[in-house]
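Throughout, read-outs are computed from the coordinates displayed, never taken from laboratory work. Only a predicted model underlies this, so the values are computations on that prediction, with no experimental measurement involved.
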């Protein structure tokens, strides 16, 4: 199946090319000892001041150790440059892999604060987008879209 890249307008945050999103990217041939590339589900850079690194897992699926270390180090590097940053581990419960996951329905499982050098577990159903708005110091209504 070929992908259609017609000039279509999109709202911010909308997946622009859903066909490409479904296309797997195989890094198995790229090896650096026991290190292979990892991915990141989302990244927010807020006015050159704050960064939110986002990873979303299904249910209680664990974050692989290497991915966790990479995200911790990335957040720590940003923090060392004076940028306030967090790593947000969120979860969703959409069983059907063909169904789109609405991030605003994801809940926070853990937050990594590089200033504390530790992960904090969140046991109550804190919505991931609410945490992000709080961290950035804005409300959903203040975001310009």
Just one of [x] 1.14; [y] 1.67; [z] 1.02 is Cα Rg over 2.2 N^0.38 Å as worked out from the coordinates here. Which one is it? [x]
Could you work out which residue, out of 122, 111, 35, moves most in a Gaussian network model of the chain, that is, has the largest mean-square fluctuation with Cα springs under 10 Å? 35
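For region 1-122, give the share of DSSP beta bridges that are antiparallel, in percent and rounded to the nearest 5; count only bridges with both residues there. Before the final figure, lay out each step's value.
Working: 15 of 24 bridges.
Percentage antiparallel, nearest 5: 60.
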